[in-house]
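The values are calculated or read from the model by the stated rules, or taken from the named source; none is laboratory data. Every value quoted in this text rests on a predicted model; they were computed, and no experiment measured them. All Cβ positions, even for glycine, are placed from backbone atoms using ideal geometry, and neighbour counts span all protein chains on display.
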Amino acid sequence: MSVTHLKANMDHWQERVDLAAAFRWAERFNFHEGVANHFSLAVNEEGTRFLMNPNQWHFARIKASDLIELDANNPESARGPNAPDATAWGLHGSVHRHCKHAKCVMHVHSVFATVLASLKDSTLPPIDQNCAAFFNRYVIDDHYGGLAFEEEGERCASLLSDPKKKVMIMGNHGVLVIGESVGDAFNRLYYFERAAETYIRALQTGQPLKILSDEIAEKTASELEGYPEQDERHFSELKAILDEEGSNYAQ
């Protein structure tokens with residue numbers, strides 16, 4: 001089936017393309033967990049209808065046309081062919097049902113974010129510019145309750161009520177980021193992993209940390225939030241690389 005035919009017969013085509021590109025780059029950056037973990041993107045104004053990867057497909061293979069559309073208010077929508085597993089429905093369905101500001105939701109077990117989530121103190125101190133970008137902009141969930149079935153998903157969603165806090169460090173689990181678009185969320189995921197890596201590697205030196213003041217950390221975070229188009233430019237470049245390589249992600 002041609003791409004033109006797919007575009008003409010599937011809703012939310014550009015959103016599908018963007019989400020598929022995010023899966024491909026998550027695999028390249030080693031943010032993936034085999035055939036586990038999920039990304040989702042709301043496609044209606046209320047935020048309750050969303051696209052998601054099919055059940056246990058490797059991120060490196062996912063195409064725009066493979067994505068499944070679900071309704072957070074209709075559990076039956078999660079019971080069709082290749083429908084995401086119960087943990088994906090429990091976590092992402094709950095977030096899209098309760099957090100209208102969470103247009104795009106990305107949950108991974110990336111290495112350094114997960115190491116951070118495994119420490120008794122999962123705070124990310126502002127020791128460099130990337131770390132400062134998240135100052136007062138994340139929430140730590142210290143009450144891991146097992147696999148994210150519906151009850152656990154509801155509990156996690158309740159921690160994201162503050163629109164300013166777009167990262168959840170999921171204690172003993174991994175990380176979840178939200179954004180206004182795929183590009184916004186993926187950029188945040190990328191830089192959070194980089195920030196976590198810097199912090200973990202700094203700890204490994206055994207040397208005292210040079211931590212920025214709260215004032216400078218907040219100033220840096222605010223300046224980065226207002227930096228024009230950096231997230232979308234970053235994501236556009238990632239898609240351009242896939243296009244130049246002849247990737248089939250946009251099929």
Those residues of the range 121-139 which are farther than 17 Å from Leu189 by Cβ and of a type in the set (Val, Ile, Thr) amount to Thr123, Ile127
Residues located in the range 110-134, provided they are over 18 Å from Leu159 (Cβ atoms) and under 18 Å from the mean Cα position of the chain (by Cα): Ser110, Val111, Phe112, Val115, Asn130, Cys131, Ala133
Can you tell me which residues in the range 10-23 are surrounded by fewer than 23 Cβ atoms within 10 Å (Cβ to Cβ) and touching a Leu at 6+ places or on another chain (Cβ under 6 Å)? Glu15
For the range 197-246 the number of residues that are surrounded by fewer than 16 Cβ atoms within 10 Å (Cβ to Cβ) and part of a loop (DSSP other than H, G, I, E, B) is 13
For the range 79-172, list the strands (runs of 3 or more DSSP E) that sit wholly inside it and hold at least 1 residues that are crowded, with 19+ Cβ neighbours inside 10 Å, touching an Asp or Glu at 6+ places or on another chain (Cβ under 6 Å) and among the hydrophobic types (A, V, I, L, M, F, W, C); which are they? 167-170
In the range 82-96, what residues are out of contact with any strand residue (DSSP E or B) (no Cβ under 7 Å at 6 or more places or on another chain) and over 19 Å from Leu160 (Cβ atoms)? Asp85, Ala86
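One residue is enough: does the range 67-77 have a residue meeting the conditions in contact with a helix residue (DSSP H, G or I) (Cβ under 8 Å, 6 or more places away or on another chain), closer than 18 Å to Ala102 by Cα and part of a loop (DSSP other than H, G, I, E, B)?
Our first condition is that a residue be in contact with a helix residue (DSSP H, G or I) (Cβ under 8 Å, 6 or more places away or on another chain); within the range 67-77, this holds for 67, 69-73, 75.
Narrowing further to those that are closer than 18 Å to Ala102 by Cα: 69-73.
Cutting the leftovers down to part of a loop (DSSP other than H, G, I, E, B) gives us 72-73.
Checked against the condition, which is being in contact with a helix residue (DSSP H, G or I) (Cβ under 8 Å, 6 or more places away or on another chain), closer than 18 Å to Ala102 by Cα and part of a loop (DSSP other than H, G, I, E, B), the range 67-77 yields at least one hit.
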Answer yes or no: is there a residue in the range 81-91 that is in contact with a Gly (Cβ under 7 Å, 6 or more places away or on another chain) and not hydrophobic (A, V, I, L, M, F, W, C). yes
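Take the conditions closer than 30 Å to Ala86 by Cα and at pLDDT below 95 and apply them to Arg188. Does it pass? Full working, then the answer.
Working: closer than 30 Å to Ala86 by Cα: yes; at pLDDT below 95: no.
In short, no.
Tell me which residues, restricted to the range 26-54, are in a helix (DSSP H, G or I) and surrounded by fewer than 20 Cβ atoms within 10 Å (Cβ to Cβ).
In the first step, residues of the range 26-54 are kept if they are in a helix (DSSP H, G or I); the result is 26-28.
Hits for the range 26-54 are Glu27, Arg28.
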